[in-house]
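Trainee: Next up is a structure, given as structure tokens.
The values are calculated or read from the model by the stated rules, or taken from the named source; none is laboratory data. Bear in mind the structure is a predicted one, so any value in this text is a computation, not a measurement. Quick reminder, even Gly has a Cβ in these numbers, built from the backbone with ideal geometry, and neighbours come from all protein chains shown.
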Amino acid sequence: MSGRLGWSYFNCLLIISGAFGLFRKERIINVGGYLTSSGKYKTDTVGEDMELVVRISRQMKEARRPFRILYAYNANCWTEVPEDIKTLKKQRYRWHRGLIEILTFHREMMFRPIYGRIGTVAMPYFYIFEMLGPLFEIQGYLMVILSVILGIFNVQIAIILFIAMVLMGTLVSVSSLLISEKNGKNFSRKELWILVFYATIENFGVRQYFSLWRFGGYINMFKKPVGWQKADRKGFAGKADEVTP
């Protein structure tokens, strides 16, 4: 939420949530629709939501037409999320593979002033911090292990850096919660404290797992394509009054 609000403010938003995205029909038709092997560009991607946003931005910049792609932080929407580790892992593999496919397909936008801040700031950011980020993070974990083996591990510095990382991650999550509650109450006080608790403990194992899965996205790029690998949907179970629209 925090990141997309910032990119939206500078009109550099390159990705929206596929389940909650709204597009102008004529704009999608003009850019050639979804990126598929049977379409105009003869190639596939599993990151169709982000790719559409990037291609629309690219077309508008090349045509020198003013436009805005906005993020509605206060939209109250619901979607089904993965219910088991295997499905969650496949989802993260798919997300990172899609990111690599999109940045590779639109690599000509990188560092080119004709695309404004999208080409000179947003695209390089996604390339360095989002696409290559897992490689640096995994390398960091390996260096920690190696430093312990070699006896050069500095415990005091490691603790300070880890605490700073946890506090920064928690700060971003709590800020997002405050923003989401700004225009209406979505959570009870108890639920907010539970979410803050989760925002803290996710740094102890969960974040590392996600980094490994994102790294797995690179490995998947060298394997035979397996399609979109959509998750099985079970639907919202329970009584009607238990599911709030």
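Trainee: With Glu191, Glu137, Glu202 as the choices, which residue is more than 30 Å from Arg97 (Cβ to Cβ) and not aliphatic (A, V, I, L, M)?
Mentor: Only one candidate passes the filter, namely Glu191.
Trainee: Would you mention how many residues in the range 125-135 are loosely packed, with under 14 Cβ neighbours inside 10 Å and within 13 Å of Met221 (Cβ to Cβ)?
Mentor: Total meeting the criteria: 1.
Trainee: Here is a further query. Output the residue which, of all residues in the range 29-71 that are more than 21 Å from Glu130 (Cα to Cα), touching a Phe, Trp or Tyr at 6+ places or on another chain (Cβ under 8 Å) and of a type in the set (A, V, I, L, M, F, W, C), is surrounded by the most Cβ atoms within 10 Å (Cβ to Cβ).
Mentor: Leu35
Trainee: Same structure, new question: Which residues, taken from the range 76-124, are surrounded by fewer than 15 Cβ atoms within 10 Å (Cβ to Cβ) and without any contact (Cβ under 8 Å) to a residue 12 or more places away in the chain?
Mentor: If the condition is that a residue be surrounded by fewer than 15 Cβ atoms within 10 Å (Cβ to Cβ) and without any contact (Cβ under 8 Å) to a residue 12 or more places away in the chain, then Val81, Asp84, Ile85, Lys86, Thr104, Arg107, Glu108, Arg112, Pro113 are the ones that fit.
Trainee: Looking at the range 203-217, is at least one residue surrounded by fewer than 10 Cβ atoms within 10 Å (Cβ to Cβ) and either assigned to a helix (DSSP H, G or I) or on the phi < 0 side of the Ramachandran plot (or both)?
Mentor: Start the filter on the range 203-217 by keeping residues that are surrounded by fewer than 10 Cβ atoms within 10 Å (Cβ to Cβ), which leaves 205.
When the remaining residues are screened for being either assigned to a helix (DSSP H, G or I) or on the phi < 0 side of the Ramachandran plot (or both), the result is none.
Checking the range 203-217: not a single residue is surrounded by fewer than 10 Cβ atoms within 10 Å (Cβ to Cβ) and either assigned to a helix (DSSP H, G or I) or on the phi < 0 side of the Ramachandran plot (or both).
Trainee: Also: I need the full set of residues from the range 48-74 which are over 18 Å from the mean Cα position of the chain (by Cα) and either part of a loop (DSSP other than H, G, I, E, B) or modelled with pLDDT under 90 (or both), in order please.
Mentor: Within the range 48-74, Ala63, Arg64, Arg65, Pro66, Phe67, Arg68, Asn74 qualify.
Trainee: Take the residues in the range 141-174 that are closer than 30 Å to Tyr71 by Cβ and in contact with a Ser or Thr (Cβ under 6 Å, 6 or more places away or on another chain), then tell me which one is surrounded by the fewest Cβ atoms within 10 Å (Cβ to Cβ).
Mentor: First, the residues of the range 141-174 that are closer than 30 Å to Tyr71 by Cβ: 164-174.
When the remaining residues are screened for being in contact with a Ser or Thr (Cβ under 6 Å, 6 or more places away or on another chain), the result is 170, 172.
Details: Thr170: 18, Val172: 14.
Once the filter is applied, the top-ranked residue is Val172.
Trainee: Could I ask something else about it? (1) touching a helix residue (DSSP H, G or I) at 6+ places or on another chain (Cβ under 6 Å); (2) within 25 Å of Leu99 (Cβ to Cβ); (3) of a type in the set (Phe, Trp, Tyr): which one isn't true of Tyr209, the others all being true?
Mentor: It is condition (1) that Tyr209 fails.
Trainee: OK, next. With respect to Tyr141, determine if the residue is of a type in the set (Phe, Trp, Tyr), closer than 25 Å to Trp95 by Cα and in contact (Cβ under 8 Å) with a residue 40 or more places away in the chain. Please lay out each step first, then the result.
Mentor: Details: of a type in the set (Phe, Trp, Tyr): yes; closer than 25 Å to Trp95 by Cα: yes; in contact (Cβ under 8 Å) with a residue 40 or more places away in the chain: yes.
The answer is yes for Tyr141.
Trainee: Sticking with this structure for a sec: Kindly list the number of the only condition in (1) part of a helix (DSSP H, G or I); (2) surrounded by 11 or more Cβ atoms within 10 Å (Cβ to Cβ) that fails for Asn186.
Mentor: Only one criterion in (1) part of a helix (DSSP H, G or I); (2) surrounded by 11 or more Cβ atoms within 10 Å (Cβ to Cβ) is unmet by Asn186, namely (1).
Trainee: I'd like to check something: does the range 27-47 contain any residue that is touching a His at 6+ places or on another chain (Cβ under 6 Å) and outside any loop (DSSP other than H, G, I, E, B)? Break it down into steps so the answer makes sense when it comes.
Mentor: At the first step, the residues of the range 27-47 found to be touching a His at 6+ places or on another chain (Cβ under 6 Å) are none.
Scanning the range 27-47, I find no residue that is touching a His at 6+ places or on another chain (Cβ under 6 Å) and outside any loop (DSSP other than H, G, I, E, B), so the answer is no.
Trainee: Moving on. Please name all residue pairs, on different chains or six or more residues apart, with Cβ atoms under 8 Å, provided the first residue is in the range 24-49 and is free of Cβ contacts under 8 Å to residues at least 12 places away in the same chain and closer than 22 Å to Lys61 by Cα and the second residue is of a type in the set (Asp, Glu) and crowded, with 18+ Cβ neighbours inside 10 Å.
Mentor: As it stands, the answer is none, since no pair meets every condition given.
Trainee: For the range 11-26, name all the residues that are outside any loop (DSSP other than H, G, I, E, B) and either closer than 19 Å to Arg68 by Cα or not small (Gly, Ala, Ser) (or both).
Mentor: Let us first name the residues in the range 11-26 that are outside any loop (DSSP other than H, G, I, E, B), namely 18-20, 25-26.
Matches in the range 11-26: Gly18, Phe20, Lys25, Glu26.
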